Amino acid sequence: MEYSKIISSCYAGDALAKLESAQKLKQDFGAAMLEHPDIVSQITVVKEAAAALDLHMAEMEMGKLCTGCAAKPGGGCCSVYMGNENNDSLQLLMNMLAGIDVKQVCTDGVECCFLGEEGCILLFKPIFCLNYLCRRIQKESDPEELHVLERKTGILLGTQVDLEQMIIRFLQQQ
């Protein structure tokens, strides 16, 4: 498939269309990408940055804050709208290359289709999902912890962008 068609398919449609596109990319190019040393190395870097952010979020007890809102009528931030708008096929492909079984887990039509019982199934999350800090998180968190959170989020996003750029360059050469 021509590069411009590949890339345009990565950003079109709802979350399930983007998932289908990511699955096709993995099927067509995944094995070759996982033989590319720079891509494999960058996946490791992104995993480490994601683990550091996850650890800090756990220390901040953000899960308790988020589930508190999600349990109320109207729920939390992880809506079907957000899932459709914020994901793209390249980001889903990066998760697949990192060993995540990316699939639809929520089918209620209200919440993001990648929201499972324990939270988001994605290791590498969309930029909006990582950057968004609701008023409750801002109000109930220690300012220094928020500063560390923002720094670790920035590191993770930077490493994700680097990986995405490697994948785009790989696809351009196909």
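Quick note: the coordinates plus some simple rules give every number you see, no bench work behind them. Keep in mind that what you see is a predicted model, and the values were worked out from it rather than measured. Positions of Cβ are backbone-derived with ideal geometry, glycine not excepted, and every protein chain shown enters the neighbour counts.
Quick notes on this one:
- The range 159-171 - residue that is touching a residue at least 12 places away in the same chain (Cβ under 8 Å) and either on the phi > 0 side of the Ramachandran plot or of a type outside the set (A, V, I, L, M, F, W, C) (or both) and, of those, surrounded by the fewest Cβ atoms within 10 Å (Cβ to Cβ): Asp162
- Only one of Gln174, Gln104, Gln160 that is within 24 Å of Ala12 (Cα to Cα) and touching a Cys at 6+ places or on another chain (Cβ under 8 Å): Gln104
Conditions tested, residue by residue: (1) assigned to a loop (DSSP other than H, G, I, E, B); (2) within 18 Å of Glu20 (Cα to Cα).
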residue: Met96; (1), (2): no, yes
residue: Thr107; (1), (2): yes, yes
residue: Phe124; (1), (2): yes, yes
residue: Ile137; (1), (2): no, no
residue: Glu145; (1), (2): no, no
residue: Gly154; (1), (2): no, no
residue: Gly158; (1), (2): no, no
residue: Arg169; (1), (2): no, no
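- Pair list, Cβ under 9 Å, 6 or more apart: the range 120-144 residue in contact (Cβ under 8 Å) with a residue 60 or more places away in the chain and of a type in the set (D, E, K, R), other residue surrounded by fewer than 17 Cβ atoms within 10 Å (Cβ to Cβ) and part of a helix (DSSP H, G or I): Arg136/Gly68; Arg136/Cys69
- The set of residues in the range 80-107 that are without any contact (Cβ under 8 Å) to a residue 60 or more places away in the chain and closer than 16 Å to Asn131 by Cβ comprises Met82, Glu85, Asn86.
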